[in-house]
Amino acid sequence: MLQDKIKQLREEIQVLPQPTTEEEYESLRLKYISRKGALNEVISDFKSVPKEDKREIGILINELKQVTEEKFQTFRASLDQASESSRLLDLDLSRSAAQIPTGGRHPLNLVRDEIIRIFGHLGFSIAVGPEVEDDWHVFEALNFPPDHPARDMQDTFFVSHDPQVLLRTHTSSVQTRVMGEQEPPIRIICPGRVYRNEAVSARAHCFFHQVEALYIDEHVTFTDLRKVLLHFAHEMFGPETQIRLRPSYFPFTEPSAEMDISCNLCGGKGCSFCKHTGWVEILGCGMVHPNVLEACGIDSHHYTGFALGMGIERITNLKYTVDDLRLFSENDLRFLSQFQSEK
């Protein structure tokens, strides 16, 4: 009878031994729960059961299915656990870790550190200051009176409705802080980020990075400034680099100049990068204005000094021929990965 067959199959499944290999498990699966297995054979026989016996036999078949499913789930879990334990035993803990791709230093950091290194060899120490500044350190102490038209040269971000609080437009504010707190001689370099309200394009950005240098002592002359500039150009761009100084205007220096270097792409012969002039502008400089010295509490009759400032992005453009300023702040790995070999 079908009832006896079901009970016998149930007892047989309940005492099945735990398979130790995938092959043993597959053999039992095929025998009992596959499409042609013993369980499906019993279910097929259920079709011929008389109507009055279907309820009783149906209950027995459902109990058989539950016992069978639980048994094979136990088999599967035990085999999986044994496989994981075996995998862990086979793990070689002494082998080297998987290699992780190394990153590269940002090109602006590379150039900034190179500039700091060059001036460090000349005895310049690093000075830093806040990016959120007051009007006195950014403008007034640097010979920018409130109504001075030179203020229009720099579009300023004001932090609040108070016009005395702003984002610094140049790192010269660090120089005024140092001059107000330290007695000469002063020999500092001021790297940092600055902000100006400009439209973002390939040639301009609302924030960028500067490095400014300041040297104040007795008997400092424009000749000293020129020697420092020539040394910097040779160290940064190569010993064959030439410089030229053109008269300019800055409220905080007098006399003032802008420095060009011979184009490092064409060697000064003229190309599209230097607009066929053979020269490329890289920085502004000059002798510190007496008004600036006096505003910071330094005797302008006893001390003189020079200051210079350059955009790090500008120097990086020249050194690595990067023609779009936006690449420096977009974190595009295709661009940054080009500098992985740089130390």
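Each reported figure results from applying straightforward, stated rules to the coordinates on display, with no laboratory input. These numbers come from a predicted model, not from an experiment. Note: ideal-geometry Cβ built from the backbone for every residue, glycine included; neighbour counts use all protein chains shown.
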Two pseudo-spin positions, 7 Å from Cα along C-beta at Glu70 and at Arg55, lie apart in nanometres by 2.5 nm
Once Gln164 and Glu294 are pulled to full extension, the length gained, defined as 0.36 nm per residue separation minus their Cα-Cα distance, is 44.7 nm
Once both label points are put 7 Å beyond Cα along the C-beta direction, the Asn62-Asp134 separation in nm becomes 8.5 nm
Length-normalised contact order of the chain, Cα under 8 Å, at least 6 apart, in percent, tallies to 16 percent
For the pair His276 and Ala202, the simple spin-label estimate (label points 7 Å beyond Cα toward Cβ) gives in nm 1.9 nm
Per the 1/(1 + (r/R0)^6) rule, R0 = 35 Å and r from the Cβ atoms of Ala77 and Phe46, FRET efficiency to 0.05 is 0.75
Only helices counted: for the chain, with every DSSP H run of 4 or more residues adding -39500 (n - 2.57) and the sum spread over all residues, [θ] at 222 nm is -12000 deg cm²/dmol
With the charge dipole of the stretch 1-145 built from beta-carbon charges (+1 for Lys and Arg, -1 for Asp and Glu) about the Cα centre, the Cα from Gly123, Gln73, Val138 projecting farthest to the positive end belongs to Gln73
In terms of the charge dipole of the chain, which places +1 on Lys and Arg and -1 on Asp and Glu at the beta carbon, the residue among Phe339, Phe328, Leu229 farthest towards the positive end is Phe339
With 0.36 nm assigned to each residue of separation and the Cα-Cα distance removed, Phe157 to Arg35 gains 36.2 nm
Once the in-chain neighbours fewer than 8 apart are removed, the lysines whose Cα is under 18 Å from Lys31 read Lys5, Lys7, Lys65, Lys71
The farthest towards the positive end of the charge dipole of the chain, of the residues Ser94, Gln164, Leu318, given +1 on Cβ of Lys and Arg and -1 on Cβ of Asp and Glu, is Ser94
For the chain, the dipole about the Cα centre with charges only on Cβ (Lys and Arg +1, Asp and Glu -1), to the nearest 20 debye, works out at 1360 debye
Read-out Cα Rg over 2.2 N^0.38 Å, candidates (1) 1.02; (2) 1.12; (3) 1.97; calculated match is (3)
Expressed as a whole-number percentage, the relative contact order of the stretch 187-289 with C-alpha contacts under 8 angstrom and at least six residues apart is 18 percent
